[in-house]
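Values in this text are rule-based calculations from the coordinates and carry no lab data. Please read these numbers as outputs of a predicted model, since none were measured by experiment. Every residue, glycine among them, receives a Cβ derived from its backbone with ideal geometry; neighbour counts consider all protein chains shown.
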Amino acid sequence: MQAEFKILAPTAILGYGFPIKSFEAGLTESPDIIAVDGGSTDPGPYYLGSGKSFTDREAVKRDLRLIIRGGQKLDIPVLVGTSGGSGADSHLNWTEKIVKELASEEGWNLKVALIGSQFDKEYLKAKLADGKISPLAPAEEIKSADIDNSTNIVGQMGIEPIIEALDNEPDVVLCGRAYDPTVFAAPAVKAGFKPGLAFHLGKILECASIAADPGSGSDCMLGTLKEDSFILKPLNQERRCTVTSVAAHTLYEKADPYHLTGPGGEIDLTDTEFTAISAREVEVTGSKFIPAETYTIKLEGAELAGYRTISLAGVRDPIMISQLDDILDSIRAMVRDNFDYLSEDDYQLIFKKYGQDGVMGDLEPNRNQPANYELGLVIEAIAKTQELADTICSFTRSSLLHYGYKGRKATAGNLAFPYSPSDFKGGEVYSFSLHHLLEVDDPIKPFKSETREFKGGN
């Protein structure tokens, strides 16, 4: 086994960008791989459900051009996790087309491994019938209809499909939905390094320099695995890794500070220690990987929930602000009365009050404090059709604009609209339909893998 394994992480998400100077500094470190996370379902269900990327195509292409060019220069593989933002087949194909364009433009001869993570619905329904699908809190049990109604369903792959793809020595590995640390951890585990350290390092590197001080998701980080530790070093001289910055980032996206469950087991940080070895580098020891008795894959699915129309307005009357909750309840009643032929399933009417619980909602700890002198109000209608959403939003907006509340002095209108037209068609709305675990006997078989050759784009 080699003495150390170096991983260059250019950016937190492909398309978020990075300074060329930082990236070139990373290349001078002679990394063994370049790996980058392509996204997640954090931006919400729309991108998974619609099959569209939340990252900009030109920005992704810019990043990939530099990253693959660096991989070709050093003759090392480039790995991309959760391609296209959410990792469905459409996202993977979208990313593949960009790589093919780049091969043509740059004259590269590339061997590209594609690992799909979109799951067949009939396969999942059979697994559901066998009792092999269970909910992750706060999700509930699902039925076959939930699977049928989902537009896209993906599963988070572990390291095993990626290791198998690396056996063919590709230039580029494009993964569908992947557990965030896996594109960083898989090559290191394949090279013989300890899974616990590899997964922990991957969990940090997937966010690139966010673990530095000052942190940034648009800058490069180098991770160096050794036999019993790993070292983190930011590649921008204006950043440094400290014990605090690295330890704090270890808590990122975790409900339990010591355990992080993923495909095939969990990262155990009970005995992890952080040590500053220079003014800009931190060494980490003691991280372990505990294999699970049953191998599970997290499923993520989204389904069409309706169509959205919104209207943005400002409220600056302190009398109205003091009564706003009661006023909005009255508006809801007016909408129900005016459209009494519609059922509760036909539409939703949602108000968001920015400056008063607009961000935290019912979880806001300061909800009983007096409101500010003005509020931003979002009127949101979601309905089965775009036309009905338009209608509900329009009626709500006009009713609220002229609603007569107790103590009102000016009758010209209650709302200030920053835009004309005041209503915006939001289009399709998706909701998450699956947040579940799938038990599998083989961690590779559910994922579709193939290798393609791009020779100058031909």
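Rg and Dmax, both from the Cα atoms of segment 238-343 and both in Å, are 25.9, 70. Working note: Karplus 6.51/-1.76/1.60 with θ = phi - 60° gives segment 226-242 the couplings 10, 4, 10, 6, 9, 10, 10, 9, x, 9, 9, 5, 7, 10, 8, 8, 10 Hz, where Gly and Pro are set to x.
Here the label points at D362 and Y419, each 7 Å from Cα along the C-beta direction, are separated by 2.9 nm in the simple model.
Of the two radii for segment 19-174, the radius of gyration is 1.03 times the Kirkwood radius, both from the alpha carbons; that is the Rg over Rh value. Using a simple spin-label model with pseudo-atoms 7 Å out from Cα toward Cβ, Y373 and L74 lie 5.6 nm apart. Expressed to the nearest 5 percent, the antiparallel share of DSSP beta bridges inside the chain is 85 percent.
Using all pairs of distinct alpha-carbon atoms, the Kirkwood hydrodynamic radius of segment 1-110 works out to 14.4 angstrom.
Once segment 9-63 is represented by equal point scatterers at the alpha-carbon sites, with solvent omitted, what log10 I(q)/I(0) does the Debye formula produce at q = 0.25 Å⁻¹? So the normalised log intensities are -1.00.
With the convex hull drawn over the C-alpha atoms of segment 400-458, the volume per residue is 254 Å³. The stretch between K100 and Y341 holds 81.5 nm of extra length on full extension. This uses 0.36 nm per residue minus the Cα-Cα distance. Here the simple spin-label model places points 7 Å from the Cα toward Cβ, and for T411 and T244 these points are separated by 6.0 nm. Computed over segment 152-211, the P(r) curve from all C-alpha pair distances, binned at 10 Å from the origin, holds 23, 52, 23, 2 percent per bin.
With Rh defined as the Kirkwood radius, the inverse of the mean 1/r over Cα pairs, the Rg/Rh of segment 317-415 is 0.98. Quarter the surface of the alpha carbon convex hull of segment 180-309 and you get the mean projected area, 10.5 square nanometres.
For the chain, the equivalent ellipsoid derived from the Cα gyration tensor has semi-axes of 45, 26, 22 Å, listed largest first.
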